[in-house]
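Asks: Sharing a structure below in structure tokens format, with a few things to ask.
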Amino acid sequence: LPAKFDWRDKAVVAPVQNQQACGSCWAFSVIGAMQSVHAIGGSQLEQLSVQQVLDCSFRNEGCNGGSISKALSWLKQTRVKLVPQSEYPYKAKTGICHFFSPSHAGVALMNFTAHDFSGQEVAMMGELVQRGPLAVVVDAVSWQDYLGGIIQHHCSSQYSNHAVLVVGYDTTGDIPYWIVQNSWGATWGNEGYVYIKIGGNICGIADYVAAVFL
Amino acid sequence: ENSAESHRRLLGLQEAVKRHALLNSVSTTPQSAKYGFTQFSDLSQEEFKDLYLRASTDRAPLFSGLKIEG
């Protein structure tokens, strides 16, 4: 594995989004993984509709919350095509699901894997390099006050409450860390990103790790 | 009503100052995380959780290693 790897260097990670006052992190995380893997496959990087997942993933609860696993299971079972964000823009409110004809262009999920990598974060680095950005759940209670730097403390595992996207890692310095894209806007943290120490399952980053296949 | 809202926000900020001191107390290296005022600082921790931390806990099987064939 390379000592440092960042999918942003390959121009396959979309800009940081802002979920606003809507509990839609789970949808941003899933969409982030899908649009990156789509771009890794050779397509142009295109922002896909978070609102479509928010409105249509019926086993989740829209802005009241949801889970990565339920969203991915729904995408896999229905083979629904996700349309570009420009066609179904984000409103930060749960709305009525808009349907598109089967001939409408979009990106569908073929399959996904989900594993617990706790105690195996080196293998998780391999998963990131091999599969693309990873949708994960974390404990983000202390992130309310996070300004920047590498999180090493005050973050529990097994009490996940927030979904984010792991886009890279860096092990070249004294403290190896994950590079994680959040959905609270680019003014939060390190220009919208948070760095989490690798090893020790800090913030529960390795508890639930999903990779997508298109 | 505005006064009640202002008071609530002031309490949120006072609570935040205490949290920052605790969180920064173990920042021992230059790379360590720093904590301070963000766009969420005027929310109480409960309000923050209610609004932004809405992902359900997911569980997955333990990663069993890469398969080696042949």
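Laboratory data are not the source of any read-out in this text; all were calculated from the coordinates shown. As the structure is a computational prediction, the values presented were derived from the model and not from experiment. FYI the Cβ positions are ideal-geometry reconstructions off the backbone, even for glycines, and counts take in every protein chain you see.
Asks: Count, for each residue of A:18-24, the Cβ atoms from other chains sitting within 10 Å of its Cβ, then give me the mean as a whole number.
Replies: Mean inter-chain Cβ contacts per residue within 10 Å come to 3.
Asks: What stretch of chain B, leaving out the sites themselves, is the longest with no GluC sites (Glu not before Pro) in a DSSP loop having at most 12 other Cβ atoms within 10 Å? Each step should come with its number before you reach the end.
Replies: On the way: sites that count: B:GLU1, B:GLU69.
So the longest stretch without any such site is B:2-68.
Asks: Highest mean first, what order results for A:101-107, A:1-7, A:119-125, A:50-56 on Cβ atoms within 10 Å?
Replies: A:50-56, A:119-125, A:1-7, A:101-107
Asks: No partner Cβ under 4.7 angstrom, meaning no disulfide-compatible partner by this rule: which Cys of chain A qualify?
Replies: So far as the 4.7 Å Cβ criterion goes, A:CYS25 stand without a partner in chain A.
Asks: Could you let me know the centre-to-centre spacing of the stretch B:1-46 and the stretch A:1-44, using Cα atoms, in angstrom?
Replies: Between the Cα centres of the stretch B:1-46 and the stretch A:1-44 lies a distance of 29 Å.
Asks: What order do you get for A:160-168, A:29-37 when each peptide is scored by the mean count of other beta carbon atoms within 10 Å, highest first?
Replies: The densest-packed peptide leads the list: A:29-37, A:160-168.
Asks: Can you pull the mean other chain C-beta count within 10 Å for peptide B:23-32? Spell out each step's value before the answer.
Replies: Details: counts 8, 3, 2, 3, 4, 2, 5, 3, 10, 8.
Partner Cβ neighbours, averaged per residue: 5.
Asks: May I ask you to list the chymotrypsin sites (Phe, Trp or Tyr not before Pro) in the stretch A:31-130 that are in a DSSP loop and have at most 11 other Cβ atoms within 10 Å of their Cβ?
Replies: A:PHE58, A:PHE99
Asks: Next question. How about A:LYS93: which aspartates and glutamates have a C-alpha closer than 20 Å to its C-alpha, ignoring those fewer than 8 places off in the same chain?
Replies: A:ASP55, A:GLU61, B:GLU47, B:ASP50
Asks: Suppose R0 equals 22 Å. What FRET efficiency, 1/(1 + (r/R0)^6) with r the Cβ-Cβ distance, do A:ASN64 and B:ARG59 give to the nearest 0.05? Could the numbers behind the result be given before it?
Replies: Values: r = 21 Å, r/R0 = 0.94.
FRET efficiency, A:ASN64 to B:ARG59: 0.60.
Asks: Considering only the stretch A:94-214, what is the antiparallel percent among its DSSP beta bridges, to the nearest 5?
Replies: 90 percent
Asks: Averaged over peptide A:147-156, how many Cβ atoms belonging to another chain are found within 10 Å of each residue's Cβ?
Replies: 6
Asks: Can you tell me what share of the DSSP beta bridges in the protein assembly as shown is antiparallel? A percent to the nearest 5 is fine.
Replies: Looking only at bridges with both residues in the protein assembly as shown, the antiparallel portion is about 85 percent.
Asks: Restricting to DSSP loop positions (anything but H, G, I, E, B) with no more than 16 other Cβ atoms inside 10 Å of their own Cβ, which trypsin sites (Lys or Arg not before Pro) remain in the stretch A:8-79?
Replies: Here the trypsin sites (Lys or Arg not before Pro) that fit, given the DSSP loop and packing criteria, are A:ARG59, A:ARG79.
Asks: Exactly which chymotrypsin sites (Phe, Trp or Tyr not before Pro) in chain B are in a DSSP loop and have at most 14 other Cβ atoms within 10 Å?
Replies: Here the sparse-neighbourhood loop sites are B:PHE37.
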